[in-house]
Amino acid sequence: MEFLYYFGEVFTPVSMLLLVGGTVGGLILGATPGLSPTMAVALLIPFTFHLKPVHGLILLGAAYTSTVAGGAVSAILLKIPGAPANIATTLDGHEMAKRGQGAKALQLAFLSSLVGGVFGVLLLIFLTPLLAQWALAFGPSHLFWLAILGVTVIGSLDSGSVVKGLLSGCIGMWLATIGYDDMQGVQRFIFHDALGGGVNIIAALIGLFAIPQVLTMFAKGRHDDSIEAIKVQTHPIGEAIREVFKRSKALIIGTLSGSFIGLIPGVGGQIAGLVAYDQTKKFSSEKEKFGTGHSEGVIAAEAANNAMVGPSLVPLLTLSIPGSPTAAVLLGGLLIHGIFPGSDLFDNHPDVAWPFINSMLIGQILMCAFGIYVASFAAKIAQVPQSIMAAAVLGLAVFGSFSVQQSMGDVYVMMALGTMMYFLERYGFSAAPLVLGLILGPIAESNYIQGSLIAGATDGQFAYFFGGALNLLLIGVVVLSIGYSVFVEMRSRRALA
Amino acid sequence: MNRTQHMVPSGIVAAVALWVCWISYTQQPADAFLFPRLISTAFLLLALWTFGKAVLGLSKAGAGLSMQMMSNLAPGLLVAGIYVFWAAKTLGFYAATSLAFFALLSAYDPAPNNSARTWIRRLLITIGYIAVMYGLFALVLKVYTPRGIII
């Protein structure tokens, strides 16, 4: 119950201000089609430099939670999911809105997000220290395999092609080696002055997540993208609360499936929402109503995608393996503040880790409270033309990447990587494994070097890296995740043929 | 999507992988390139596999790029490139951002160009945007940005 001791930090004026700001900003960004939670968090990281680590993380955590929930606004009122996690919400949410039940759908979405989100954060609170204790047994070889596991899991699951996903991970790991070698100070792959200090993670994150979305908006050309949002009529909140509890089966299925999926590294909220929707439909006595504006569909999907947020941080905070692309960006946010997730996080930085987790609990309540009232306003912002959005995000990306180290080199790297990523994404490559490679590359390298030194003095490289139950277990999971993804890819190709 | 479309990006990636592998195995001291050798080997194998699949016409992932998309993208990419790689440092951050924002808005805003109202609206949006950016970065975050010819 150590976390209770650190609740005070969340209720300081600065923390509360950041929580409210992050929540409202996140709801608006989440509601804006084209701006993913990952990009929103990446663009926010430069603003955290000027804050204490704990405050920076509170801001990022609030934004992460509320962007996922905010995506429901545009999913329900515009039929455009604000984020991939809200795809399942459009199925019934928009149908409800068309029938004049937009306010009810939004209330159900935020209330079920609150229940799912709180359950997910409680899992984070109680599972993280347990897993952190277990992680104490990890040596350099295990940490090396864990880093490889992080890249391969996301590489194989978050990409249209397993090989291209893994290749993206390799590109990221190579980019991480650019600069001066830590051990001997030798120059590696510095083919331009801008790369003298290596590839800055934050500039890379902004470039890889923001620039492809800007270029995607450009590629649509000059077209009238004005979308008519459905007007929201008032609806008594008490009735919505009663409805959520009346549909408790959907709420429980959504919450449990979202939490479970969140714990698996690499599987995102998109899958959580769709799986929960599908399972709820299977167990429902009103199957035929799904897709026609049934409240169970909204409740299950929204409970699941927010229940996924907390558990997706469990492998991140204990093993340095982000559970989702947004968690990977959060890892970047932790690293720039000198906080290294892992077994000793709660021993070395309890004053940062616990307030951050606690703030996510309070953030869920704020998200629900503000969400219900900000929703109609957020829907108006979501209608901002894409021409303005693209130009604004480009400017923000330039200023944000420059402010990291006050270096033009970082701006060049941001733009170059972002442009490269846009073209690669058009051909099936994915940004998430590349970012993971970039972030986990240095962890893999330092543990590989340490492991090699230990191996040299003991049983040799092969026995050290491939011996022992834990090494074999981790290698097994790497092989299994790749094998499973190859199987799924082949099966879907056969189905298409 | 035709075979050539997949061959170009996967060919470029394979060429980069080959270069990375070459550097990793030829540069000294070898100890400093131990990890890059490991990574570049996997990088090269996967890149050659991808390129091979593209040559054989077996690459299916990704939506590709149409000529229409390329021509839509070209002005934005050009303005963004000039803004980032030249104007920001030469003209100054705020001046370059204002010009780039206005240029992009003019290029992609579907409103008719022959109306004075459209141009005034675009100008006002640009002024509003740059005022927010200045307030946020110069006044709140106190980020020192390079001064150029204009500001």
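The values are calculated or read from the model by the stated rules, or taken from the named source; none is laboratory data. In this text, all values refer to a predicted model and were calculated from it rather than measured experimentally. Heads up, the Cβs are rebuilt from the backbone with ideal geometry, glycines too, and the neighbour counts pull from every protein chain shown.
One line per residue, one yes/no per condition, for (1) over 22 Å from B:Gly92 (Cβ atoms); (2) touching a residue at least 40 places away in the same chain (Cβ under 8 Å); (3) of a type in the set (Asp, Glu):
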residue	(1), (2), (3)
A:Leu366	yes, yes, no
A:Val374	yes, yes, no
A:Leu394	no, yes, no
A:Met414	no, yes, no
A:Phe429	yes, yes, no
A:Pro442	yes, yes, no
A:Ile454	yes, yes, no
A:Ala463	yes, no, no
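Just the residues that are modelled with pLDDT of 90 or more and among the hydroxyl-bearing types (Ser, Thr, Tyr), please, taken from segment B:51-75. Listed by number, the list holds a single entry, B:Ser71. When only residues in segment B:23-35 that are farther than 22 Å from A:Gly451 by Cβ and part of a helix (DSSP H, G or I) count, which is farthest from the other protein chains (Cβ to nearest Cβ)? Across segment B:23-35, the extreme among qualifying residues is B:Thr26.
For every residue, the table says whether it meets (1) over 22 Å from the mean Cα position of the chain (by Cα); (2) in contact (Cβ under 8 Å) with a residue 60 or more places away in the chain; (3) assigned to a helix (DSSP H, G or I).
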site	(1), (2), (3)
B:Ser98	no, no, yes
B:Phe101	no, no, yes
B:Ala107	no, no, yes
B:Pro110	yes, no, no
B:Asn113	yes, no, no
B:Arg121	yes, no, yes
B:Tyr134	yes, no, yes
B:Tyr144	yes, no, no
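Residues of segment A:431-454 that are among the small types (Gly, Ala, Ser) and within 12 Å of chain B (Cβ to nearest Cβ): A:Gly437, A:Gly441, A:Ala444, A:Ser446, A:Gly451, A:Ser452. Can we say B:Gly64 is without any contact (Cβ under 8 Å) to a residue 24 or more places away in the chain and of a type outside the set (A, V, I, L, M, F, W, C)? No, not satisfied. Within the set B:Leu45, B:Leu18, B:Leu38, B:Leu56, the sole residue that is facing chain A (nearest Cβ under 8 Å), among the aliphatic types (A, V, I, L, M), surrounded by fewer than 19 Cβ atoms within 10 Å (Cβ to Cβ) and in contact with a helix residue (DSSP H, G or I) (Cβ under 9 Å, 6 or more places away or on another chain) turns out to be B:Leu38. Scanning segment B:88-128 for residues that are over 18 Å from A:Val411 (Cα atoms), within 11 Å of chain A (Cβ to nearest Cβ) and among the polar types (S, T, N, Q) returns B:Ser106, B:Asn113, B:Thr126.
Residues that are within 24 Å of the chain's Cα centre (by Cα), within 14 Å of chain B (Cβ to nearest Cβ) and closer than 30 Å to A:Leu256 by Cβ do occur in segment A:165-178. Pairs under 6 Å by beta carbon, first residue more than 7 Å from chain A (Cβ to nearest Cβ) in segment B:68-87, partner in a helix (DSSP H, G or I), six or more apart or different chains? Close Cβ pairs satisfying both conditions: B:Pro75/B:Ala107; B:Val79/B:Ala100; B:Val79/B:Ala103; B:Val79/B:Leu104; B:Tyr83/B:Ala96; B:Tyr83/B:Ala100; B:Ala87/B:Ala96.
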